[in-house]
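Note sheet for the following structure.
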Amino acid sequence: MPAVSMTVNGKAVTGDVEARTLLVQFLREHLRLTGTHVGCDTSQCGACVVHVDGIAAKSCTLLALQCEGAKVTTIEGLAEPNGPLHPMQEAFRENHGLQCGYCTPGMIMSALDIVRRHGNELDEHTIREQLDGNICRCTGYHNIVKAIAAGAKNMPKASTRQAAE
Amino acid sequence: MYNFTFHRPTTVRQAAGLLARNPEAKLLAGGHSLIPVMKQRLAQPSALIDLSLVEGLTGVEQKGRSIVIGAMTRHADAAISPVLQQALPGLAAVPAAVGDPQVRNRGTIGGSVANNDPNADYPAAVLGLGATIITNKRRIAADDFFTGMFSTALEDGEIITKISFSIAKKAAYEKFKHPASGFALVGVFVSKRGADIRVAVTGAGSNGVFRVKSFEEALKKRFAAKSLEGMTIPATGMNSDIHASAEYRAHLVSVLARRALAKATGG
């Protein structure tokens, strides 16, 4: 079996995987990082979004081997285990940006990518357009949009990528 | 997904060598068309040859009166390229309209064009600007490249390295986006470069992307939405599925062509 090595949440990891092992399987089943979810498994719902070298990607549509040598960040990597939440996580909590929570990790990882590309001041239209690749079946998006706007404001400027990596 | 062997060459020559040695191999670009198809077991390549480490396949450059885009340039990067936005904004709008943000972060122009999905966006721009597809072996004119649904003039062992677009004075793309998949239910690219007028349609035809000669003829007098007023195209040869009938797609072709013209002419 091919070996793969990458950095996940700042830690060097290696594993033996089949070539067909998806990144999300590697994260969940090999590394037991189950915060990244599989919703649709067809690249549409965004529950599996993680950052690969700082850029949001659907980990159900990437092979683990494509990430050889990459820096991967999952929802578990945003805050220290017992430390304060990341500002974007805190904003989702504050604004009740979730109900069942299934889509939330992907929403938050995508939200950070929106900040990376569009900055800290986000209007509602931009957020809604940019959430095109994330589906929530509970909330009607209203509080998610509010949470992302608030979280973006509370994030340090220009350090988005550091915060996410 | 069936299993396969995985290769990561660093040069086009190595990639071509791997293709020659693995007749059932597939090239992997962004993987956002190929991996979903493999997950459904609709494709079973013996090997995947990942092009992401191959040098010299990314970037957008202006070369004289042309824009040259490397085959592995991701949609998100092409969409915000200052060179492209300055020289040919109508083309920059195409990668910006693909799928969703995460798909645009991975998908590439070369992958989209080589796959020739009948609902993909880039084929409309490539045909609609009369682009040239440059491979490791030759140059292929867009008019000769797209040969039917999911099929192209690419031969075994041929790898797209870049695509060259002549800068058109007027160019625009309009799509009716399928709300779930992000694909074009119908998309129309229009352009005018001197006497060369093109109207290319994706999403509608059952043979993939095609040109609407009757519209192009009518636009020769005046390149404006008005020139197409009252014009329609027949529904024969249009796709029909759960998302839209052939008649509806034919209707969308003329509506979107007029909208694209209005955009291209600043109207």
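Of the residues examined, A:A111 is not one that is more than 14 Å from chain B (Cβ to nearest Cβ) and either part of a helix (DSSP H, G or I) or among the hydroxyl-bearing types (S, T, Y) (or both). A:E80 meets the conditions (1) modelled with pLDDT of 95 or more; (2) surrounded by fewer than 20 Cβ atoms within 10 Å (Cβ to Cβ) in every case but one. The failed one is (1).
Scanning the range B:156-207 for residues that are among the small types (G, A, S) and under 30 Å from B:N22 (Cα atoms) turns up B:G157, B:S164.
Do we find that A:V72 is outside the structural domain of A:N154 (by TED's automatic domain parsing), under 22 Å from A:H142 (Cβ atoms) and either touching a residue at least 12 places away in the same chain (Cβ under 8 Å) or touching a Cys at 6+ places or on another chain (Cβ under 7 Å) (or both) in this structure? No: the conditions fail for A:V72. B:M231: in contact with an Asp or Glu (Cβ under 9 Å, 6 or more places away or on another chain) and more than 14 Å from chain A (Cβ to nearest Cβ), yes or no? Against the criterion (in contact with an Asp or Glu (Cβ under 9 Å, 6 or more places away or on another chain) and more than 14 Å from chain A (Cβ to nearest Cβ)), B:M231 does not qualify. Out of everything in the range B:22-33 that is of a type outside the set (A, V, I, L, M, F, W, C) and touching a residue at least 40 places away in the same chain (Cβ under 8 Å), what residue ends up being farthest from the other protein chains (Cβ to nearest Cβ)? Taking the candidates together, the pick is B:P23.
Going residue by residue through the range A:78-87, is there one that turns out to be more than 17 Å from B:P36 (Cα to Cα) and either in contact with a strand residue (DSSP E or B) (Cβ under 9 Å, 6 or more places away or on another chain) or basic (K, R) (or both)? The answer is no; no qualifying residue exists.
Let's see how each residue does on (1) surrounded by 20 or more Cβ atoms within 10 Å (Cβ to Cβ); (2) within 13 Å of chain A (Cβ to nearest Cβ); (3) outside any helix (DSSP H, G or I); (4) in contact with a helix residue (DSSP H, G or I) (Cβ under 6 Å, 6 or more places away or on another chain):
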{"position": "B:N3", "(1), (2), (3), (4)": "no, yes, yes, no"}
{"position": "B:T10", "(1), (2), (3), (4)": "no, yes, yes, no"}
{"position": "B:Q14", "(1), (2), (3), (4)": "no, no, no, no"}
{"position": "B:G17", "(1), (2), (3), (4)": "no, no, no, no"}
{"position": "B:I35", "(1), (2), (3), (4)": "yes, yes, no, yes"}
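For every residue, the table says whether it meets (1) in contact (Cβ under 8 Å) with a residue 40 or more places away in the chain; (2) assigned to a helix (DSSP H, G or I).
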site	(1), (2)
B:F189	yes, no
B:R198	yes, no
B:F215	yes, yes
B:F223	yes, no
B:K226	no, yes
B:I233	no, no
B:A244	yes, no
B:A250	yes, yes
B:R259	yes, yes
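Condition check ((1) surrounded by fewer than 16 Cβ atoms within 10 Å (Cβ to Cβ); (2) within 23 Å of B:P45 (Cβ to Cβ)) across all residues:
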| site | (1), (2) |
| --- | --- |
| A:G10 | yes, no |
| A:T14 | yes, no |
| A:V52 | no, yes |
| A:K58 | no, yes |
| A:L63 | no, yes |
| A:T73 | no, no |
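B:G182 meets all of the listed conditions (1) in a loop (DSSP other than H, G, I, E, B); (2) over 15 Å from the mean Cα position of the chain (by Cα); (3) crowded, with 19+ Cβ neighbours inside 10 Å but one, namely (2). Of everything in the range A:99-111 that's within 17 Å of A:R128 (Cβ to Cβ) and touching a residue at least 60 places away in the same chain (Cβ under 8 Å), which residue is farthest from the chain's Cα centre (by Cα)? Restricting to residues being within 17 Å of A:R128 (Cβ to Cβ) and touching a residue at least 60 places away in the same chain (Cβ under 8 Å), the top hit is A:C103. Going by what's in this entry, would B:V83 be described as under 22 Å from B:I133 (Cβ atoms) and surrounded by fewer than 21 Cβ atoms within 10 Å (Cβ to Cβ)? In short, yes. Confirm whether A:E129 is closer than 27 Å to B:D77 by Cβ, free of Cβ contacts under 8 Å to residues at least 40 places away in the same chain and away from chain B (no Cβ under 12 Å). No; evaluated as a whole, the condition is false for this residue.
Within the set B:T152, B:T108, B:T132, B:T58, the sole residue that is hydroxyl-bearing (S, T, Y), modelled with pLDDT of 95 or more and in contact with a Leu (Cβ under 9 Å, 6 or more places away or on another chain) turns out to be B:T108.
Of the candidates B:M238, B:M231, the single residue that is hydrophobic (A, V, I, L, M, F, W, C) and over 22 Å from B:A180 (Cβ atoms) is B:M231.
The values are calculated or read from the model by the stated rules, or taken from the named source; none is laboratory data. This one's a predicted model, so the numbers in the text were calculated from it and none came from an experiment. Positions of Cβ are generated from backbone atoms using ideal geometry, with glycine treated the same way; all protein chains shown enter the neighbour counts.
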